[in-house]
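Scroll down for the structure; my scribbles are underneath it.
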Amino acid sequence: MTPLVYAEAEALIAGHKTQGHDVIVLSAAGEEVVTPIAEMLEVDHSVGTRMSVVDGRYSGEIDFYCYGEAKATAAHRLAAERGYDLAHCHAYSDSSTDLPLLEAVGHAHAVNPDRPLRRTATERGWEIHTFDKPVSIRSRMTSPATVAVGLGIGIGVGVGVAGATAYGVSRLSRRRKQDD
């Protein structure tokens, strides 16, 4: 099996990149899954849940759970490190558990939202998107090694990555801020 992404998410990623935005995936899934998929999608950076490793082995503990408020904390940390103004950032999510992230940015988007998120998005006037065209990431893979990685991480994973957790950040806003 190969990971899936929505065609609409791919179009959003391309649109943000065309506008000069950085695209970052924040996901509660493990880094071991998130990072290769983010690389296949050619996004600029990704953050996923990090498991604790002791003596080269998973300890069963979690170092960082990229979920709920912690996902917003990760966005704030990235903004501070990279000079992003979160008021100019976009965040996309399908879950009300991501409300802290959506509230941290200037442009919140609900994608195939759960009922609580749909209600909140409607009340706050956030854009609501319907994604319904899943496509295989395999079409983005060019080398046999990349195909092998994709097949390895894809078992049992169907991901609408960008639509659920990516947010684009404008490099132009950062440059303007530096020029001021």
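Can you spot a residue in segment 34-49 that is surrounded by fewer than 17 Cβ atoms within 10 Å (Cβ to Cβ) and over 14 Å from the mean Cα position of the chain (by Cα)? Give the steps one after another, and end with the answer.
We begin by selecting, within segment 34-49, every residue surrounded by fewer than 17 Cβ atoms within 10 Å (Cβ to Cβ); these are 39, 42, 45.
Narrowing further to those that are over 14 Å from the mean Cα position of the chain (by Cα): none.
Taking every residue of segment 34-49 in turn, none turns out to be surrounded by fewer than 17 Cβ atoms within 10 Å (Cβ to Cβ) and over 14 Å from the mean Cα position of the chain (by Cα).
When the residues of segment 1-33 are filtered to those that are of a type in the set (A, V, I, L, M) and free of Cβ contacts under 8 Å to residues at least 24 places away in the same chain, which remaining residue is farthest from His88 (Cα to Cα)? Give the steps one after another, and end with the answer.
Residues of segment 1-33 that are of a type in the set (A, V, I, L, M), as a first pass: 1, 4-5, 7, 9, 11-14, 23-26, 28-29, 33.
Add one more test, that the residue is free of Cβ contacts under 8 Å to residues at least 24 places away in the same chain, and what stays is 11, 14.
Details: Ala11: 20, Ala14: 18 Å.
Ranking the candidates gives Ala11 first.
Could you grab me the full set of residues in segment 34-56 that are of a type outside the set (A, V, I, L, M) and without any contact (Cβ under 8 Å) to a residue 60 or more places away in the chain?
At the first step, the residues of segment 34-56 found to be of a type outside the set (A, V, I, L, M) are 35-36, 39, 42, 44-46, 48-50, 52, 55-56.
The answer is Thr35, Glu39, Asp44, His45, Ser46, Gly48, Thr49, Arg50, Ser52, Asp55, Gly56.
Just for segment 12-59: of the residues that are assigned to a loop (DSSP other than H, G, I, E, B) and acidic (Asp, Glu), which one is farthest from Val105 (Cα to Cα)?
Step one: of segment 12-59, the residues assigned to a loop (DSSP other than H, G, I, E, B) are 19-20, 41-44, 55-56.
Narrowing further to those that are acidic (Asp, Glu): 42, 44, 55.
Working: Glu42: 22, Asp44: 18, Asp55: 38 Å.
The selected residue is Asp55.
Looking only at segment 57-72, filter to residues that are in contact (Cβ under 8 Å) with a residue 24 or more places away in the chain and crowded, with 16+ Cβ neighbours inside 10 Å; which one of those is farthest from the chain's Cα centre (by Cα)? Steps first, please.
Filtering segment 57-72 down to residues in contact (Cβ under 8 Å) with a residue 24 or more places away in the chain leaves 65-69, 71-72.
Still in the running and crowded, with 16+ Cβ neighbours inside 10 Å: 66-68, 71-72.
Numbers: Cys66: 11, Tyr67: 12, Gly68: 13, Lys71: 10, Ala72: 12 Å.
Among those residues, the one meeting the criterion is Gly68.
Among Leu4, Leu12, which is farther than 22 Å from Tyr58 by Cβ and touching a Phe, Trp or Tyr at 6+ places or on another chain (Cβ under 8 Å)?
Result of the check over Leu4, Leu12: Leu12.
Would it be correct to say that Ala72 is among the aliphatic types (A, V, I, L, M) and part of a helix (DSSP H, G or I)? Steps first, answer last, please.
Numbers: among the aliphatic types (A, V, I, L, M): yes; part of a helix (DSSP H, G or I): yes.
Yes; evaluated as a whole, the condition is true for this residue.
It is to be established whether one or more residues within segment 106-128 are in a helix (DSSP H, G or I), surrounded by 14 or more Cβ atoms within 10 Å (Cβ to Cβ), of a type in the set (Gly, Ala, Ser) and touching a residue at least 24 places away in the same chain (Cβ under 8 Å). Step through it out loud before you land on a result.
Filtering segment 106-128 for residues in a helix (DSSP H, G or I) gives 115-124.
Checking the rest, the ones that are also surrounded by 14 or more Cβ atoms within 10 Å (Cβ to Cβ) come to 117-118, 120-121.
Those still in the list that are of a type in the set (Gly, Ala, Ser) too: 121.
Adding the requirement that they be touching a residue at least 24 places away in the same chain (Cβ under 8 Å) leaves none.
No, segment 106-128 has no match at all.
Checking the conditions here, which among Tyr92, Tyr84 is in contact with a helix residue (DSSP H, G or I) (Cβ under 6 Å, 6 or more places away or on another chain), touching a residue at least 24 places away in the same chain (Cβ under 8 Å) and among the aromatic types (Phe, Trp, Tyr)? Walk me through it before giving the result.
Details: Tyr84 fails: in contact with a helix residue (DSSP H, G or I) (Cβ under 6 Å, 6 or more places away or on another chain).
Step by step, each of Tyr92, Tyr84 is checked, and only Tyr92 is in contact with a helix residue (DSSP H, G or I) (Cβ under 6 Å, 6 or more places away or on another chain), touching a residue at least 24 places away in the same chain (Cβ under 8 Å) and among the aromatic types (Phe, Trp, Tyr).
Here, each number is a calculation from the coordinates, and none is a lab measurement. As the structure is a computational prediction, the values presented were derived from the model and not from experiment. For neighbour counting, all protein chains shown are included, and Cβ atoms are generated from backbone atoms with ideal geometry for every residue, glycine included.
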